[in-house]
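These notes are about the structure you will find just below.
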Amino acid sequence: MEACYGKKQYLCTVKLLFILIAQLIAADVHAQHVELADSSNVKTLDGETMHEVTVTAHKSGRVKTSGLGNAELISSKELLRAACCNLGESFTTNPSVDVNYADAATGAQQIKLLGLSGTYVQMLTENIPNYRGLAAPYSLGYISGPWMQSIQVSKGASSVKNGYESITGQINVEFKKPQATPWADANLYYNSDQKIEANLGANLELSDKWSTALLGHYELQDKVHDDNGDGFADMPKMRQGSMMSRWAYISDSYMFQAAIKGLKEHREGGQISHHSVAGDIHMPVYTIDITNERYEVFTKNAFILNPERMTNIALILSGDIHHERSSYGKRTYNGDQRNGYASLMFETDFDDHHKLSTGMSLNHDYLEENTLRSDETTPGVYAQYTYKIGEMFTLMGGLRWDHSSLWGGYITPRMHAKYTPVDGVTLRGSVGKGYRTPHVLAENSYLLTSSRQLFISEDIKQEEAWNYGLSTQLQIPIGERKLELNAEYYYTHFIQQAIIDYDLQGFINVHGLGHGDKSYSHTFQVDATYEILPKLNVTAAWRWNDVKATYNGQLRQKPMNSRYKGLLTASYAPGLGKWQFDATCQLNGSGRLPDQQENVLWDQHFKAYEQVSAQVTRFFRHWSIYAGGENLTGFKQKNAIISAANPWSPDFDATMIYGPVHGTVFYIGVRLNWNKL
């Protein structure tokens, strides 16, 4: 076989991938012939000879949960509808969560929920708070798609059990379990930008109580692309590797889970050639270099005291260490963060109507940024009571008290109600408060990809907000199927907030809410899901956002924020489900761009734009092959980097992002699965 070096590396990779796929197809066809000829796979029932038949039911991979809060479960089935290389790409078909790039140079992704930044969403892994501070800008890329068992997205006020930080909602990721049915899998991915990804995973039963699992991930994008010809890489070159080892012990009276994870990532972007309008080739090339190392560990212990009354005591311990070394042109940013978290919980059901959950927690954050240091320790206690009348009515009230070494003591109240007057109709309401400590530069390091002076005011306090929500869920019989209709409204009102103000000439000003200043978000969403034809599921959604804050004394729309969003997504798996066809269309609404006092370098508003993605999957017994495309409309934000030809000028800015920064991407991949049934 010819050696794969230099430019041949990518051609060889594609060739090897297609050879592997061809061999797998041949092996699968051969295996099917062997199965039909093997009499051991034939069963006899009352003298009749029958071949084994597997019956499967078609079920949506994204379902509204029946619990107290307004939440939805994104299962592994839904994750197969797109490439889902990481957590950020897992929301392609989701009407509630928006994902876009934070800037046009680093490749950092950010989510928005209820029209607000992802920093107001509490990120959880295995129901443990995670990815705060330094990890926030790139956290969506730190969780590999094939590692995930499911994702739970809840909107509005959440339970007080997980802390005080949730303001707009929670996103919890459940990883594949070591105690699950024995499995092994792999995922290989390649796209038209010559990005390669590989994932491996397996678990092992050590005994009837002990089990372990190992998950590995590697991705490489070593090719520079500049499709718009502005002299800057559309996406940085990137190399990332991560591994997780999991352990579980399950008995009737005690359950134990533990995991350790390590990750290292290097990004290299910026100017790829001198492209100066002035023609000054003596200026240095503007480069971006970012290296992140992250190590995590957690243990979960549950002591079952009374299974009939669900009485148990749980102890959760977790910790992480994060190192970042980065440079943006002539700017340098280095950060080191350590976090420790402990939670002790007690829960019991007094009877069928009354439930109590109470506990205490301790969180410690240490963050060092260049020469600045922040050290915060926060102990807290909480109690949560739930009253339930059958399946018709549930009311839950929670209250917690925490004391921060930086901000003092504060109380977090939250309440949820659920009412089901008749079958097929569910009404929900919630109200709650949330707090969070802002780490402006750590959470928004992409702001350094601008020549503007970054001014962080000393008046920034602990962020504090109320969230109110109402939602209704209807199941309307139409023919032999049911139309699932959901409508919801949420209002988020900030008492204190760190405002990022882009409307000043030559400055990005981050400041707190002044006396009389306002900041709020109104969101209204309606979505409907219906099986139009057998195994053809269609979801349509529309969301309206009204997100405003006080900028320079005026209450105005938040810049670079779409006013509305429409989504139409369909999934079709005909026959026995060996083929699956998926397509999603998004309409992202218009919005305003920051003010300009002197030079007119961009428009005052951006227009609405569409994005389309599609994928075809062919399933075999132990593997599947998939191919598709993202951003098939080819829409790219024009002038994504302001003054890209002169990156050392005062006008240079790569943070003015409202849409995609690169065009259509095609991909192909193969998934291998071995499950012991």
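Any idea which of 122, 179 is not in a strand (DSSP E or B) and not hydrophobic (A, V, I, L, M, F, W, C)?
That would be 179, the only listed residue that is not in a strand (DSSP E or B) and not hydrophobic (A, V, I, L, M, F, W, C).
When you go through 587, 555 one by one, which is the residue that is surrounded by fewer than 15 Cβ atoms within 10 Å (Cβ to Cβ) and in a strand (DSSP E or B)?
555
Could you check residue 228 against (1) under 30 Å from residue 384 (Cα atoms); (2) part of a loop (DSSP other than H, G, I, E, B) and say which number it fails?
Here residue 228 clears every test but (1).
So residue 105 passes all but one of these: (1) under 29 Å from residue 669 (Cβ atoms); (2) of a type outside the set (Ser, Thr, Tyr); (3) open to solvent by 30 Å² or more (accessible area, probe 1.4 Å); (4) modelled with pLDDT under 95. Which condition number does it fail?
Single failed check for residue 105: (3).
Residue 300: among the basic types (Lys, Arg) and either at pLDDT 95 or above or within 31 Å of the chain's Cα centre (by Cα) (or both), yes or no?
In short, yes.
Considering only residues that are in contact with a strand residue (DSSP E or B) (Cβ under 6 Å, 6 or more places away or on another chain) and not in a loop (DSSP other than H, G, I, E, B), which ones fall in segment 130-144?
The answer is 133, 134, 135, 140, 141, 144.
Answer yes or no: is there a residue in segment 303-323 that is touching a helix residue (DSSP H, G or I) at 6+ places or on another chain (Cβ under 6 Å) and either touching a residue at least 12 places away in the same chain (Cβ under 8 Å) or under 30 Å from residue 355 (Cβ atoms) (or both).
Scanning segment 303-323, I find at least one residue that is touching a helix residue (DSSP H, G or I) at 6+ places or on another chain (Cβ under 6 Å) and either touching a residue at least 12 places away in the same chain (Cβ under 8 Å) or under 30 Å from residue 355 (Cβ atoms) (or both), so the answer is yes.
If you take the residues in segment 229-241 that are open to solvent by 10 Å² or more (accessible area, probe 1.4 Å) and among the small types (Gly, Ala, Ser), which one is modelled with the highest pLDDT?
Across segment 229-241, the extreme among qualifying residues is 241.
Given the structure, is residue 509 buried (at least 16 other Cβ atoms within 10 Å of the Cβ), of a type in the set (S, T, N, Q) and over 27 Å from residue 586 (Cα atoms)?
yes
Check segment 666-673 and report whether any residue there is within 30 Å of residue 287 (Cα to Cα) and either under 22 Å from the mean Cα position of the chain (by Cα) or not in a strand (DSSP E or B) (or both).
For segment 666-673, residues within 30 Å of residue 287 (Cα to Cα) and either under 22 Å from the mean Cα position of the chain (by Cα) or not in a strand (DSSP E or B) (or both): present.
Residues in segment 617-659 that are part of a strand (DSSP E or B) and closer than 27 Å to residue 190 by Cα: how many?
Of the residues in segment 617-659, 11 are part of a strand (DSSP E or B) and closer than 27 Å to residue 190 by Cα.
Consider residue 96 carefully, then state whether it is touching a Cys at 6+ places or on another chain (Cβ under 6 Å), open to solvent by less than 40 Å² (accessible area, probe 1.4 Å), among the small types (Gly, Ala, Ser) and at pLDDT 75 or above.
no
The rows are residues; the columns are (1) assigned to a strand (DSSP E or B); (2) surrounded by 20 or more Cβ atoms within 10 Å (Cβ to Cβ).
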| site | (1), (2) |
| --- | --- |
| 418 | yes, yes |
| 422 | no, no |
| 435 | yes, yes |
| 493 | yes, no |
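Suppose we keep only residues that are among the aromatic types (Phe, Trp, Tyr) and surrounded by fewer than 16 Cβ atoms within 10 Å (Cβ to Cβ) within segment 347-395. Which one would you say is farthest from the chain's Cα centre (by Cα)?
So the residue we want is 350.
Would you confirm, using the coordinates I've provided, whether residue 611 is part of a loop (DSSP other than H, G, I, E, B) and under 29 Å from residue 447 (Cα atoms)?
Against the criterion (part of a loop (DSSP other than H, G, I, E, B) and under 29 Å from residue 447 (Cα atoms)), residue 611 does not qualify.
Go through segment 290-346 and give me each residue that's outside any strand (DSSP E or B), open to solvent by 50 Å² or more (accessible area, probe 1.4 Å) and farther than 30 Å from residue 386 by Cα.
Across segment 290-346, the qualifying residue is only 330.
If you take the residues of segment 178-215 that are among the charged types (D, E, K, R) and open to solvent by less than 30 Å² (accessible area, probe 1.4 Å), which of them is nearest to residue 248 (Cα to Cα)?
Ranking the candidates gives 185 first.
How about segment 648-663: which of its residues are surrounded by fewer than 18 Cβ atoms within 10 Å (Cβ to Cβ) and among the polar types (S, T, N, Q)?
649 - this is the single residue of segment 648-663 that is surrounded by fewer than 18 Cβ atoms within 10 Å (Cβ to Cβ) and among the polar types (S, T, N, Q).
Could you list, ordered by first residue, the pairs with Cβ atoms under 8 Å in which the first is in segment 64-88 and more than 17 Å from residue 143 (Cβ to Cβ) and the second is buried (at least 20 other Cβ atoms within 10 Å of the Cβ) and at pLDDT below 85, at least 6 apart or interchain?
Every condition considered, the pairs that remain are 72/62.
Assess whether residue 532 counts as being part of a strand (DSSP E or B), without any contact (Cβ under 8 Å) to a residue 24 or more places away in the chain, open to solvent by 40 Å² or more (accessible area, probe 1.4 Å) and among the β-branched types (Val, Ile, Thr).
For residue 532, the condition - part of a strand (DSSP E or B), without any contact (Cβ under 8 Å) to a residue 24 or more places away in the chain, open to solvent by 40 Å² or more (accessible area, probe 1.4 Å) and among the β-branched types (Val, Ile, Thr) - is met.
Given the options 462, 453, name the one that is within 29 Å of residue 134 (Cα to Cα), free of Cβ contacts under 8 Å to residues at least 60 places away in the same chain and surrounded by 15 or more Cβ atoms within 10 Å (Cβ to Cβ).
Numbers: 453 fails: surrounded by 15 or more Cβ atoms within 10 Å (Cβ to Cβ).
Checking each option against the conditions leaves just 462.
Output the residue which, of all residues in segment 606-633 that are open to solvent by less than 30 Å² (accessible area, probe 1.4 Å) and of a type in the set (Gly, Ala, Ser), is nearest to residue 571 (Cα to Cα). Steps first, answer last, please.
If we filter segment 606-633 for residues that are open to solvent by less than 30 Å² (accessible area, probe 1.4 Å), which is where we start, we get 606, 609, 613, 615, 617, 623-624, 626, 628-629, 631.
From the residues that got through so far, the ones that are of a type in the set (Gly, Ala, Ser) too are 613, 624, 628-629.
Details: 613: 12, 624: 17, 628: 14, 629: 15 Å.
Within segment 606-633, the match that is nearest to residue 571 (Cα to Cα) is 613.
From (1) acidic (Asp, Glu); (2) assigned to a strand (DSSP E or B); (3) without any contact (Cβ under 8 Å) to a residue 12 or more places away in the chain, pick out the condition that doesn't hold for residue 208.
The one condition residue 208 does not meet is (2).
Within segment 449-483, can you find the residues that are of a type in the set (Asp, Glu) and within 28 Å of the chain's Cα centre (by Cα)?
463, 464
If I filter segment 250-259 for residues that are in a loop (DSSP other than H, G, I, E, B) and of a type in the set (Ser, Thr, Tyr), do I get at least one hit?
yes
Write out, first by first residue and then by second, each pair whose Cβ atoms fall under 7 Å of each other, whose residues are 6+ apart or on separate chains, and whose first residue, in segment 389-401, is under 11 Å from residue 67 (Cα atoms) while the second is open to solvent by 20 Å² or more (accessible area, probe 1.4 Å) and among the β-branched types (Val, Ile, Thr).
So the pair list comes out as 391/420; 394/386.
Could you say which residue among 280, 289, 320 is farther than 28 Å from residue 360 by Cα and modelled with pLDDT of 95 or more?
Within the list 280, 289, 320, the selection yields 289.
The values are calculated or read from the model by the stated rules, or taken from the named source; none is laboratory data. These numbers come from a predicted model, not from an experiment. Positions of Cβ are generated from backbone atoms using ideal geometry, with glycine treated the same way; all protein chains shown enter the neighbour counts. The accessibility values were calculated without ligands, DNA or RNA, using every heavy atom of the protein model including side chains. Shrake-Rupley method; radii C 1.70, N 1.55, O 1.52, S 1.80 Å.
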